[in-house]
Amino acid sequence: MQRLANERVIVQLGLLIVAVALYASTFQQSFSASDLAQSPMFFPRIILTLWIGLAVIALVQTIRADETQPVIASWPRIAIVIVAALIYCNIIASEGFFLPSVVFALVCLPAFGIRNPLLVVPFAILVPGALVLLFNHTLGMPLPTSRFTYLF
Amino acid sequence: MLSALPDAIAILLSFEGLLVLVLGTVLGIVLGAMPGIGSTVAVAIVLPFTLTMSQAPAIILLLAVYAGSVYGGSIAAILINTPGTPQSAATCLDGYPMAQRGDAGLALGWATVASVVGGLVSAVVLIFAAPQLAAFALQFGPIETFALILLGMTCIVSVSTGSVVKGLMAGMIGIFLSTVGGDPILGEMRFTFGNWQLFAGFNLLAVVIGVFALSEVFIRASASVNKVSELVAFNGVVLPSWQMWKGRFGNLAKSVAIGNVIGVLPGTGAATAAFISYAEGRRSSPNRDGFGKGEPDGIVSSEAANNAVTGGALVPTMALGIPGDAITAVMLATLTLHGITPGPRLVDDNPTLIAAIFAGFFVINLLLLPLGMLLSRVAAPILRVREAFMMTAIVILCAVGIYFVRGNPFDLLVMGGAGFVGFLLRRQGVPMAPLVIGMVLGPTLELTLRQGLILTDGSFVAFFTGHPIALVLAIAAVLALSLPLLRALLARRAS
């Protein structure tokens, strides 16, 4: 059971399911070309077939092999960094560049082990601030600004 | 191409040209010196900022970052025994013991001169070999180009560290991603599932930065936090005298040759070249007894070879449009983003651009000497910067870079998604270079396949019966694909 329910198998299985689902979706779309070779789905179907075949081989290899999974040193740290980065990427457009960047740095630096506020706070403000100054006010190539002010 | 040289020199001597030459080399050395960043991440971070530039300065900037970072990796290798880039791992073996003896400046001097010589010779090889290869490739029609791209795709096997199957699968994922959006012949939408943001497909740049730079941050976050390394005493670079070089020229020449040959082979890379050259130096150098104890020939073997790879790797990239590794794939991606189609016609269609790139690459390697000497002192304190600051800054810079290019928030989402998926896949041993190679070569592969089928009335067999070049390339592709698999199978049986 342990051999089947580990991260490697789940990811490989996920890749296989995605490929099969995409392959199935190619039959649900209709196109103007009647000639098989000129159908927009001709080439993707070849690639998806190869993807599925390789995914099956990789899955079998993963189940049969007794490979050790790279250890995650700290689950909270990786979770915080990934969630913070994904949220950060999501909200830049709506909340501007500066404020999300400051918050991201304030979250990310302690997660990486920098706890001294005298290091964290200046870095969190100065790096995004310098970039806003450079792009918005010097180069004239504006990064998104917040809903509170047009300055940053 | 020679007729385009005056225009190319004019580009290099313009303010923008000079600025990118110097700034790119400086950035490359500094980023390369930072352990954990590496050449690919360094090039990926800088890439978005090139999109506001004209074509030649953009590529030259990336080349400067590339060549500079390969050299910069040696600074960390010698001063803190941690290679800034994988290419410099072999430099640690003799560079650090020499630095511990109190000769850190001299060790960096050997590394600097060897890097410059390796880089300059590789630039000459690039200048002479690429146009010859490209001239031959001009005979290619869609069918030959299809076979060539097929051969290029087989380099996925050699860049697939760990598992060939996983590498090929990553290549297929990359090619599939390139099919999302408009069909190249009929223009009909595929795999957009009603989302208009996908009509133009996935932004190549967002995927490249996500899978290389952002996933690297996640990988670092999942590992133990590194402590700051101790620096050895260092008071600037000391160049070795002419007397010191006596008896070492043979080793230097051999290392440069190894680097160039390995560079031209797709998928081998600078780290492989450095270790092969180091092993050869250890076998044949008159000073082989001192290897591993701070022997200058050890540093020369590694550094001359890894910098010689840079030019060699660009030969198939520029002449045929086949990337040999992740960095040259990013270079090709940059050409695509600048509206240039990589492939056999690249040199013929863009003589000024190519002449500027080649001449610029030569100048970059010349600049490594003064800038390397100057920046080694500046870069040394940077080695003490904690990983947390670098990783946080990388995420912020990636976000700026991606938004800055098109001002499209969707690209940020693609980057975030690519970073997360890249992290998951890298943890399972799926390499990311094949994914990018697939995404870069995928559109040409599809277009030439379908054009070929139109030419042959739908007969795939006719691709090879009436086209001898295509047949030879296809056989080479099959061999390139099957030999490593066969070797792995035989090795498994033997064990």
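Cross-link partners among aspartates and glutamates for B:LYS254, C-alpha distance below 20 Å, same-chain residues fewer than 8 apart left out?
Output for B:LYS254: B:ASP94, B:GLU280, B:ASP289, B:GLU295, B:ASP297, B:GLU303.
Once you have a ≥ b ≥ c as the square roots of the Cα gyration tensor eigenvalues for region B:235-320, tell me rounded if a/c is under 1.5, and otherwise prolate or oblate according to whether a/b is larger than b/c.
Details: a/c = 2.32, a/b = 1.81, b/c = 1.28.
Prolate is the answer for region B:235-320, as a/c is 1.5 or above and a/b outweighs b/c.
Nearest 100 Å² is fine: what is the total accessible surface buried where chains B and A meet, probe 1.4 Å?
Chains B and A together bury approximately 5500 Å².
Can you give the three extents of the C-alpha atoms in the protein assembly as shown along their principal axes, from longest to shortest, in whole Å?
74, 63, 60
For all pairs of alpha-carbon atoms in chain A, what percent lies in each bin of width 5 Å, listed from the first bin to the last filled one?
2, 8, 11, 11, 9, 9, 9, 10, 13, 11, 5, 2, 0, 0
Which of rounded, prolate, oblate describes region A:75-138, given a ≥ b ≥ c as roots of the alpha-carbon gyration tensor eigenvalues and a/c under 1.5 marking rounded, otherwise prolate only if a/b is larger than b/c? Could you put the intermediate results ahead of the total?
Details: a/c = 3.28, a/b = 1.32, b/c = 2.49.
Oblate is the answer for region A:75-138, as a/c is 1.5 or above yet b/c matches or exceeds a/b.
Provide, in order from the shortest bin, the percent of all Cα-Cα pairs of region B:323-410 in each 10 Å bin, continuing until the bin that contains the maximum pair distance.
Spelled out bin by bin, region B:323-410 gives 13, 25, 35, 24, 3 percent.
Angle, helix A:42-64 long axis vs. longest principal axis of chain A, Cα atoms, 0 to 90°, nearest 10?
On a 0 to 90 degree scale, this one is about 90.
Which of rounded, prolate, oblate describes region B:31-149, given a ≥ b ≥ c as roots of the alpha-carbon gyration tensor eigenvalues and a/c under 1.5 marking rounded, otherwise prolate only if a/b is larger than b/c?
Numbers: a/c = 2.63, a/b = 1.92, b/c = 1.37.
Note, shape of region B:31-149 comes out prolate.
Using only the alpha-carbon atoms, how far is helix A:7-25 inclined from the longest principal axis of chain A? Give it as 0 to 90 degrees, nearest 10.
Taking the Cα atoms of chain A, the angle to A:7-25 is about 70 degrees.
Where does helix B:55-80 land angle-wise versus the long Cα axis of chain B, in degrees 0 to 90, nearest 10?
Helix B:55-80 sits roughly 40 degrees off the main axis of chain B.
Enter the per residue convex hull volume of region A:7-64, computed from alpha-carbon coordinates, in Å³ rounded to the nearest integer.
On the way: hull volume 3.3 nm³, N = 58.
It is 57 Å³ per residue.
Scattering from the C-alpha atoms of chain B alone, worked out with Debye: what is log10 I(q)/I(0) at q = 0.06, 0.09, 0.10, 0.13 1/Å?
For chain B at q = 0.06, 0.09, 0.10, 0.13 Å⁻¹, log10 I(q)/I(0) is -0.26, -0.60, -0.74, -1.26.
Enter the per residue convex hull volume of region B:422-484, computed from alpha-carbon coordinates, in Å³ rounded to the nearest integer. It would help to have the intermediate numbers written out before the result.
Details: hull volume 7.0 nm³, N = 63.
Per-residue hull volume (Cα only) is 110 Å³.
At a 1.4 Å probe, what is the % contribution of carbon and sulfur to the accessible area of chain B? Don't skip to the end; give the middle numbers.
Values: 11590 of 17220 Å².
Exposed carbon and sulfur together represent 67 percent of the surface.
The values are calculated or read from the model by the stated rules, or taken from the named source; none is laboratory data. Given the structure is predicted, the values throughout are model-derived calculations rather than measurements. SASA here: full protein model, heavy atoms, side chains in, ligands and nucleic acids out. Shrake-Rupley method; radii C 1.70, N 1.55, O 1.52, S 1.80 Å.
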